[in-house]
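Only one structure is covered here, and it is reproduced in the block below.
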Amino acid sequence: TASEWGYWGKYGPKTWSELCATGKRQSPIDIVTEDAIRIDLGALKFDRYDFAFSGSLINNGHTIQVKLDGVPIHLSGGSLPSVYVLEQMHFHWSAEHTVDGVRDPLELHLVHYNNQYANFSEATQHENGIVVVAVLFEFNNYDNPDLMPILETTKIVSNWVGKNMAQMRNKLIPLLLLPKDHTTYYSYEGSLTTPGCQESVMWFVMTEKLPISEAQVNVFRHVQNSNGTLKYNYRPKQELGNRKVHHRLE
Ligand code: B30
Ligand code: ZN
C-alpha cells in the first residue's frame, strides 16, 4: 500500500514509467462523445447491489477505499464474457475520465474481477480480468444524502496519524451510488489507473452523472497521507490510440 508514487511533484504520474505497463491501452482517457460508436451492447446486470452491506473503509494513502463484507456481489451482461465479482470501491478527486474535455469533481470506481480467476491480483494479469464501473459526480448546490455514510466515515480516517480504517454497519447499498439509468454507458478497453497500470480493464463509464456538493467534495480533499494532504488523486489522460469508445443505447 505505502509506495513511492503519488500525484504531483517528484513522485507524480510523469515518474510512473518505471512502475507502469506501457502499452496501447492505458487509462483514463477523454471520452469524445461525438466519436463514440453507438451500439446496443446489452444492459449490465447488477446482482445484489440493492442489499445493505457492512464493510470497512480505508485511507490507504492514495484513495478512500471501501470493501464490503458478506456475500459476493455480481456484475454480468453488457456483452461481458463472464461473471465479475465486486472487489472494492474507491474514489478519485477530481474525476479521472473527462467527457468532451470536462473534468467533474469526483469519480467513483466499482472494481470487479472475472470469477474465472482465483482472485483480483491474478485477474489483473489477463486482458479481460477486470471490470471497473465508473460513476461521475457533478457539482450541485445540495448535499447528496447517499454519500453521507461514506463521508462521515471518511472524516474518521482522514488524519494519517491515527486510525486509517473504520467499520460501517449495514449502511452500504451499492445501488444508491449508481445513477438511476444504470444501463447507459461508455465502454472501452483500458488499464488500472495506478501503478502497475495493468492493461486488464474493461471500463464502463456511466452516462448519467450523480450530484455532489462542494462541501462534500471538500471532505475528500482533506484526506491526508504520509506527505500531507492528498489534494487530488487523478491520473492525467492517456492516449486513445487505435481504440474505440462504445456508447450503449437501448
Ligand atoms: S482503478 O480502478 O483503475 N483506479 C487497483 C484497483 C483499481 C484501480 C487501480 C488499482 C488495485 O487494486 N491495485 C493493486 C493494489 N494496490 C492497492 C491498494 O489497495 O492500495 C496497490 C498499490 O498500492 O500499488 Cu496501494
Ligand atoms: Zn480508481
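If the viscosity is 1.306 mPa s and the temperature 10 °C, what translational diffusion coefficient in µm²/s does Stokes-Einstein give for the range 72-173 when Rh comes from Kirkwood over Cα pairs? Translational diffusion coefficient: 100 µm²/s.
The alpha-carbon atoms of the range 120-177, seen along their principal axes, cover 39, 32, 23 angstrom, with the largest extent given first. Each eigenvalue of the Cα gyration tensor of the range 92-152, multiplied by 5 and square-rooted, gives one semi-axis; in descending order these are 29, 16, 7 Å. Computed on the Cα atoms alone, the convex hull of the range 184-250 gives a volume of 112 cubic angstrom per residue. Lysines near Lys163 by alpha-carbon distance under 19 Å, same-chain residues fewer than 8 away left out - which ones? Correct list for Lys163: Lys67, Lys155.
Placing a pseudo-label 7 Å from each Cα along the Cα-to-Cβ vector at Arg103 and Glu152 gives an inter-label distance of 3.2 nm.
So, R0 is 35 Å and r is the distance between the beta-carbons of Glu250 and Val161; what FRET efficiency does that work out to, to 0.05? The computed FRET efficiency comes out at 0.10. For the range 164-250, chymotrypsin sites (Phe, Trp or Tyr not before Pro) are listed when DSSP marks them as loop and at most 15 other Cβ atoms sit within 10 Å of their Cβ; the list is Tyr232.
Per-residue extension of 0.36 nm, minus the Cα-Cα distance of Asp50 and Asp69, leaves a gain of 5.4 nm for this segment.
Using alpha carbon centroids, what distance separates the range 99-134 and the range 154-219, in Å? Distance between centres, Cα-based: 11 Å. Volume per residue for the range 136-218 equals 137 cubic angstrom (convex hull of Cα atoms). Note on the range 1-76: semi-axes of the ellipsoid equivalent to its C-alpha gyration tensor, largest first and rounded to whole Å, are 30, 26, 10.
When both bridge partners sit in the chain, DSSP labels roughly 75% of those beta bridges antiparallel. Which shape class, rounded, prolate or oblate, goes with the range 1-150 when its Cα gyration tensor gives a ≥ b ≥ c as root eigenvalues, a/c under 1.5 marks rounded, and past that a/b bigger than b/c marks prolate? It comes out rounded by the Cα gyration axes. Heavy atoms only, probe 1.4 Å: what % of the accessible area of the chain goes to carbon and sulfur, would you let me know? The C+S portion of the solvent-accessible surface of the chain is 49 percent. Placing dummy labels 7 Å off each Cα toward the beta-carbon, the span from Ser82 to Leu176 is 3.3 nm. Counting 0.36 nm for each residue step from His222 to Thr184 and taking away their Cα separation leaves a gain of 10.4 nm. Relative to its residue count, the chain spans a Cα convex hull of 122 Å³ per residue. Note on the range 47-90: the alpha carbon radius of gyration divided by the globular reference 2.2 N^0.38 Å gives 1.32.
The values are calculated or read from the model by the stated rules, or taken from the named source; none is laboratory data. Just so you know, these numbers come straight off a predicted model, no measurement behind them. FYI the Cβ positions are ideal-geometry reconstructions off the backbone, even for glycines, and counts take in every protein chain you see. Accessible surface is based on the protein model in full, side chains and every heavy atom, while ligands, DNA and RNA are left aside. Shrake-Rupley method; radii C 1.70, N 1.55, O 1.52, S 1.80 Å.
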